[in-house]
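Participant: Quick one: structure below, then a few questions.
The values are calculated or read from the model by the stated rules, or taken from the named source; none is laboratory data. Because the structure is a prediction, the values reported are computed rather than measured. Neighbour counts run over all protein chains shown; Cβ positions are idealised from the backbone, glycine included. Keep in mind that these areas ignore ligands, DNA and RNA; they rest on the heavy atoms of the full protein, side chains included. Shrake-Rupley method; radii C 1.70, N 1.55, O 1.52, S 1.80 Å.
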Amino acid sequence: MQEWLLEFEQIHYTYPGAQQSALNGLTLRIPAHKRCALIGQNGCGKTTLFLLANGLYKPNKGSVYWQGKSLKYDRNSLMKLRQKVGLIFQDPEQQLVASTVEEDISYGLCNLGLPEVEIQQRVEQALVEFGLTELAQRPVHHLSLGQKKRVSIADVMVLRPELLLLDEPTAYLDKLHTRNLMATLKKIHAAGTTILMATHDLDLVYRWADWIFVMDKGRLVLEGKPQDVFTQRDILEELQLGVPLIYEMLFADGVAEEGPVLERLRQRILNLFRYF
Ligand SMILES: Nc1ncnc2c1ncn2[C@@H]1O[C@H](COP(=O)(O)OP(=O)(O)OP(=O)(O)O)[C@@H](O)[C@H]1O
Ligand SMILES: [Mg+2]
């Protein structure tokens, strides 16, 4: 039987003072142990959904459930929830809290009250994993945007959440660090973490995700496995999302033919879009 980790049931959410609702009867269930991608146009409600997922916002109507239980919004319950649901913000500036990189990464671990030795060990590991060793003592406000993004990702990953929510994690990252991030996500997923990533990079979605959610105007309009979602070309084009370039090249009319030359070509195309 399918196990849902986090469920949004008929959620309505309007920002204070806004004319229109950001989430408009959204029902979406995150299946445990999957690599999920969330796609949709600018302003369709992806970030808002994330902010409701770890209780930063409360729905005006509808409920959010974590492992079948309705979220509670008292301080204690929220603290517990946020240990399990890690959110990496779209804008790294919103995530960083301490003065140096090392302090920033250890901040959440200190709050958990872990032993000093374990904190040190986990921070060291994160610094290496995210290529931040040389920046460890640097003030966070002196970093480039891409470096800040890497620190903000390390801040959350170091807490080892059960569900990891990443809002546009590859924005500002160069090719090398995108690949490093994807390799880390592969490891984290293999160790049992469920992942939901909002992104505009459809090629990355095609190569990485095993479940896709498509949102429009604050609602879920389509979900499924990549091969099922991307065959719904009409819907995706109507939403101005289109299909991944890699999908277009591999499965466009006429490319479905067989033969050694085509096979080599297919392999080359797949290698061009290698993210990990
Ligand atoms: N703080 C806010 N106050 C008022 N309205 C907001 C606020 N933040 C977002 N909105 C509105 O809520 C809607 C959903 O925004 P949201 O940021 O969730 O979209 P998104 O899917 O994450 O977009 P993007 O792809 O650009 O990141 C938009 O119409 C946006 O203008
Ligand atoms: Mg957003």
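Participant: Can you give the helix-only mean residue ellipticity at 222 nm for the chain, where every DSSP H stretch with n ≥ 4 adds -39500 (n - 2.57) and the sum goes over all residues, rounded to the nearest 500 deg cm²/dmol? It would help to have the intermediate numbers written out before the result.
Facilitator: Values: 11 runs with 109 residues, N = 276.
Result for the chain, helices only: -11500 deg cm²/dmol.
Participant: Whole angstrom only: what separates the Cα centroid of the stretch 27-77 from the Cα centroid of the stretch 183-255?
Facilitator: 19
Participant: Roughly how many percent of the accessible protein surface of the chain is carbon and sulfur, given a 1.4 Å probe and a whole-percent answer? Let's see the in-between values first.
Facilitator: Numbers: 7180 of 14300 Å².
Ligands and nucleic acids excluded, carbon and sulfur give 50 percent.
Participant: For THR27, what accessible area in Å² do you get when you roll a 1.4 Å probe over the heavy atoms of the protein chains, rounding to the nearest 10?
Facilitator: 40
Participant: Spin-label point model (7 Å from Cα, Cβ direction): what's the LYS80 to TYR107 distance in nm?
Facilitator: 2.5
Participant: If the cut-off is a Cα-Cα distance under 17 Å, which aspartates and glutamates reach LYS84, setting aside same-chain residues fewer than 8 apart in sequence?
Facilitator: GLU3, GLU7, ASP74, ASP155, GLU162, ASP167
Participant: Rounded to whole Å and sorted largest first, what semi-axes of the equivalent ellipsoid does the C-alpha gyration tensor of the chain yield via the square root of 5 times each eigenvalue?
Facilitator: Equivalent-ellipsoid dimensions as semi-axes: 31, 26, 17 Å.
Participant: Quick one: accessible area per residue over the chain, 1.4 Å probe, rounded to a whole number of Å²?
Facilitator: On the way: 14300 Å² over 276 residues.
It amounts to 52 Å² per residue over the chain.
Participant: Starting from the 7 Å offset along Cα-to-Cβ, what nm value, one decimal, do you get for the label separation of GLU263 and GLU9?
Facilitator: According to this spin-label approximation, the distance is 5.1 nm.
Participant: For the chain, give the share of DSSP beta bridges that are antiparallel, in percent and rounded to the nearest 5; count only bridges with both residues there.
Facilitator: 55
Participant: Assign unit charges at the C-beta atoms only (+1 for Lys and Arg, -1 for Asp and Glu), then state the dipole size of the stretch 4-226 relative to its Cα centre in Debye, rounded to the nearest 20. Working shown, then result.
Facilitator: Details: 26 positive and 23 negative charges, 142 e Å.
About 680 debye.
Participant: To continue, here is another question. If the chain between GLU162 and MET249 were fully stretched, how many nm would it gain, using 0.36 nm times the residue separation less the Cα-Cα distance? Provide the component values of the computation, followed by the final result.
Facilitator: Numbers: separation 87, 0.36 × 87 = 31.32 nm, distance 3.57 nm.
Full extension of this stretch gives 27.8 nm more.
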